[in-house]
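K.L.:
Here it is, the structure in full.
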Amino acid sequence: LTIFIILIFLQSFSIITTSQFGIAGITVFLLFQVVKKNLYQKINVKFLIFALMLLAIIIISGHVNNVFYSSQILRIIMTIVIIYATYVYSKTIFQNKEKTERFWKIYEIVLLIFLLYGVYEFFAIKYHLPLFMNIFNNNTSYSPKGMYSYYGGWNEGYRLYNTFFEPSVFSIFLAFNFFIILSNKYIKSTNKPIILTLIAFNLFFTFARSG
């Protein structure tokens, strides 16, 4: 469970890497869990219909707009598989109140660690300190980052990206977490102001308009 939660934050970390693309750690983990726990047996007709319709819509849309590439089919299929794997694995996590409480307790701790790293990143950029978490930013699909790879942007300054491959993606992740923490009954009310403040700090300094 802890590994799964950590991998949620390590979106740019790939276990299998080639010169052109990498397969994210969370992808490998989820597929392993699906096979290990025979979760693939829970595939139903409704999901298959949804997956095929989604695939068809994307392919047709790509051809109509003349922006479709054959390699996109593999990405689309992989995305559908990951959505399904996440769904069925999540059902095993939230089976009862005890497991749910355990999940959110670990999630809160991991989130806090990564938010504090975001504060470190802010000062690291200013004082040219190494961004040591970039060792997990090795996915060749998203331009791997070095220890001193700072991210610039439209505001002519440096932007926080944490362990994500791009500040805008990090900002979307933070925005989701802001509302998750705000409305989560499993997070202590005394801890919420601290976490929400750290989320707001990280979100502001991504300087991302999408988040």
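K.L.:
Hey, can you tell me all the residues within the range 82-127 that are open to solvent by 80 Å² or more (accessible area, probe 1.4 Å) and hydrophobic (A, V, I, L, M, F, W, C)?
P.N.:
The answer is Ile83, Phe94, Ile109, Ile113, Leu116, Phe123.
K.L.:
Out of the residues in the range 12-31 that are part of a loop (DSSP other than H, G, I, E, B) and among the hydrophobic types (A, V, I, L, M, F, W, C), state the one that is surrounded by the most Cβ atoms within 10 Å (Cβ to Cβ).
P.N.:
That would be Phe13.
K.L.:
Consider Val169 against the criteria (1) outside any helix (DSSP H, G or I); (2) open to solvent by 20 Å² or more (accessible area, probe 1.4 Å); (3) in contact (Cβ under 8 Å) with a residue 60 or more places away in the chain: it satisfies all of them except one. Which criterion is unmet?
P.N.:
Looking at each condition in turn, Val169 falls short on (1).
K.L.:
Condition first: of a type in the set (Val, Ile, Thr), buried (at least 19 other Cβ atoms within 10 Å of the Cβ) and within 16 Å of the chain's Cα centre (by Cα). Can you find one or more residues in the range 192-204 that meet it?
P.N.:
Step one: list which residues in the range 192-204 are of a type in the set (Val, Ile, Thr), which gives 194-195, 197, 199.
Now restrict to residues that are buried (at least 19 other Cβ atoms within 10 Å of the Cβ): 195, 199.
Pick out the ones that are also within 16 Å of the chain's Cα centre (by Cα) and you get 199.
Yes; the residues of the range 192-204 include at least one that is of a type in the set (Val, Ile, Thr), buried (at least 19 other Cβ atoms within 10 Å of the Cβ) and within 16 Å of the chain's Cα centre (by Cα).
K.L.:
If you don't mind, there's one more thing I want to ask. Going through the range 48-71 one residue at a time, which ones are surrounded by 14 or more Cβ atoms within 10 Å (Cβ to Cβ), at pLDDT below 70 and in a helix (DSSP H, G or I)?
P.N.:
Ile58, Gly62
K.L.:
So, one more: What tally of residues in the range 105-133 results from selecting those that are assigned to a helix (DSSP H, G or I), of a type in the set (A, V, I, L, M, F, W, C) and without any contact (Cβ under 8 Å) to a residue 24 or more places away in the chain?
P.N.:
Matching residues across the range 105-133 total 5.
K.L.:
Between a residue in the range 181-209 that is of a type in the set (Ser, Thr, Tyr) and any residue that is open to solvent by 50 Å² or more (accessible area, probe 1.4 Å), which pairs come within a Cβ distance under 8 Å, given they are 6 or more apart or on different chains?
P.N.:
Tyr186/Glu101; Tyr186/Lys105
The values are calculated or read from the model by the stated rules, or taken from the named source; none is laboratory data. All values reported here derive from a predicted model rather than from experimental measurement. Note: ideal-geometry Cβ built from the backbone for every residue, glycine included; neighbour counts use all protein chains shown. Surface areas here come from the heavy atoms of the whole protein model, side chains and all, with no ligands, DNA or RNA. Shrake-Rupley method; radii C 1.70, N 1.55, O 1.52, S 1.80 Å.
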